[in-house]
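Undergrad: Sharing a structure here in structure tokens format.
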Amino acid sequence: MIHINPQITPINLKNIKLDKKYSTVPGLLRWIKEEAEVLWFAVMLVLVIGFFSWTLVDLTTGVSTSYRYGLPLFSGLPAEAQEAVEYFQAHPPSNNSEVVNGILVVNVTITQYNFTPDLIQARVGEPVVLILNSPDLISAFYMRLPSGVINVNVVPGMPSYAYFLAPNSPGNYTWRESEYVGWGTSYMTGTLEVEA
């Protein structure tokens, strides 16, 4: 049963007075033109705040696929990975990689059209730290894994770091150069070989 309150009077549309300048179709269009900028600004402001908040939450909670374990800086690595890198740099191995406290640390040098080494062998689920160096060109490292994407830019003279867990399924995973460095950029690849 619907009960209507007699105190509330219905709105009579005949009593609503529009401003004379907006009472015609051209007047209504003029109002839309005058107020649309404010409305558009409000919509864009809400979108920007929404995307900024979404990105901030992703970065701070660790769900971002690009920076899952922090920024590509040494300070963005987990504490145990920082210790492994410090040991690796204090006691350089004869080759470009070494397992330190269960973490595979690999020093990758990126030159024009070449990754050194271009093959990394890891065990299933093994933590891996890449120290990415580029002596002479702005470059990048891009690898798609089942757990997400690793995409790190590398600036000449400043090492960048990437930390990830090797996939749980054995196989070969290809990484690429994602910055244009010349005609041979599409040939700049390497392989992460995951073994059981």
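Undergrad: Quick test of your reading of the structure: residue 121 fulfils all but one of (1) in contact with a Phe, Trp or Tyr (Cβ under 7 Å, 6 or more places away or on another chain); (2) modelled with pLDDT of 90 or more. Name the failing condition by number.
TA: Just one mismatch for residue 121, condition (1).
Undergrad: Something else about it: Of everything in the range 88-133, what is in contact with a helix residue (DSSP H, G or I) (Cβ under 8 Å, 6 or more places away or on another chain) and free of Cβ contacts under 8 Å to residues at least 12 places away in the same chain? Give them in sequence order.
TA: Within the range 88-133, just 98 meets the criteria.
Undergrad: Criterion first (of a type outside the set (A, V, I, L, M, F, W, C), more than 21 Å from residue 73 (Cβ to Cβ) and without any contact (Cβ under 8 Å) to a residue 60 or more places away in the chain) does residue 157 satisfy it?
TA: In short, no.
Undergrad: Suppose we filter 153, 172 for residues that are at pLDDT below 90, touching a strand residue (DSSP E or B) at 6+ places or on another chain (Cβ under 7 Å) and in a strand (DSSP E or B); which single one remains?
TA: Among 153, 172, only 153 is at pLDDT below 90, touching a strand residue (DSSP E or B) at 6+ places or on another chain (Cβ under 7 Å) and in a strand (DSSP E or B).
Undergrad: Looking at (1) exposed (fewer than 11 other Cβ atoms within 10 Å of the Cβ); (2) closer than 23 Å to residue 145 by Cβ; (3) modelled with pLDDT under 80, which is the one condition that is false for residue 102?
TA: (3)
Undergrad: Restricting to the range 165-180, count the residues that are surrounded by fewer than 19 Cβ atoms within 10 Å (Cβ to Cβ) and either in contact (Cβ under 8 Å) with a residue 40 or more places away in the chain or outside the structural domain of residue 80 (by TED's automatic domain parsing) (or both).
TA: Residues meeting the conditions: 6.
Undergrad: Can you tell me which residue is nearest to residue 193 (Cα to Cα) among those in the range 83-104 that are out of contact with any Asp or Glu (no Cβ under 6 Å at 6 or more places or on another chain) and in a strand (DSSP E or B)?
TA: Going through the qualifying residues, I end up with 97.
Here is a yes/no grid of residues against (1) within 27 Å of residue 177 (Cβ to Cβ); (2) over 17 Å from the mean Cα position of the chain (by Cα); (3) modelled with pLDDT of 75 or more:
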residue: 23; (1), (2), (3): no, yes, no
residue: 29; (1), (2), (3): no, yes, no
residue: 45; (1), (2), (3): no, yes, yes
residue: 56; (1), (2), (3): no, no, yes
residue: 86; (1), (2), (3): no, yes, yes
residue: 96; (1), (2), (3): yes, yes, yes
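The values are calculated or read from the model by the stated rules, or taken from the named source; none is laboratory data. Because the structure is a prediction, the values reported are computed rather than measured. Here the Cβ is made from the backbone with ideal geometry for all residues, glycine too, and neighbour counts use every protein chain on show.
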